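Chemist: Structure below; questions to follow.
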Amino acid sequence: MNQADYARHQGVSRKTITVWKNRGILVFNGKEIDVEKSDENVTQYLKKTKQGNKLKGNNEGNNIDDDLIEKLTESSGVNLTFDEARRMKENYLALLSKVEYETKIGRLLPFSEMLDAVKNEYSRMRTRLISIAPEQGPRLKIMATTCTDQEFVEKLQDIISEVMKELSLDERSERNSN
């Protein structure tokens, strides 16, 4: 059967038949359409429903309760045709591939690894800053009694600057060793 005859057989336009052909739904035997196999594919993939001339996916053969499907589509507000769902799936897969590629080339960091690195760095900084008091406390106590307030503040700033320099040097050396 040719495409025009098959369109009449299905009750659709020739344009629809061309779309089905391009999607691989129709089965050809040479230049003619294999009616029996094509009808099976149309029934399987493009079961017609009376909802604004849109084709809906076929639910026959699924073991999922129809009420459950309806609740899920109502709760998410999504009621897609088979082709819309396929397009959405392909878009999400393309986005996923892009994320995987950008992660692989180092342009995108995995969130959990980045979070762990930040936690470790904050922990290291916190530990070092807390250790300033026991290390420098006795020295600062002596300075507080023997020097002016301005000299004391300068010495305290020198100590903090040394610690910050030490932390930044440690960070660079850790990066270079990795």
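The values are calculated or read from the model by the stated rules, or taken from the named source; none is laboratory data. A quick note: this is a predicted structure, and the numbers were derived from the prediction, not measured. Glycine also receives a Cβ, built like all others from the backbone with ideal geometry; neighbour counts cover every protein chain displayed.
Chemist: Do the conditions hold for residue 12, that is, is it modelled with pLDDT of 90 or more, surrounded by 15 or more Cβ atoms within 10 Å (Cβ to Cβ) and β-branched (Val, Ile, Thr)? Working first, answer last.
Modeler: Values: modelled with pLDDT of 90 or more: no; surrounded by 15 or more Cβ atoms within 10 Å (Cβ to Cβ): yes; β-branched (Val, Ile, Thr): yes.
Answer is no for this residue.
Chemist: Return the residues of the range 86-123 that are exposed (fewer than 10 other Cβ atoms within 10 Å of the Cβ) and polar (S, T, N, Q); say none if nothing qualifies.
Modeler: Within the range 86-123, just 112 meets the criteria.
Chemist: Another question, if that's okay. Do we find a residue being at pLDDT below 80, within 15 Å of residue 82 (Cβ to Cβ) and part of a loop (DSSP other than H, G, I, E, B) anywhere in the range 38-47?
Modeler: Yes, some residue in the range 38-47 is at pLDDT below 80, within 15 Å of residue 82 (Cβ to Cβ) and part of a loop (DSSP other than H, G, I, E, B).
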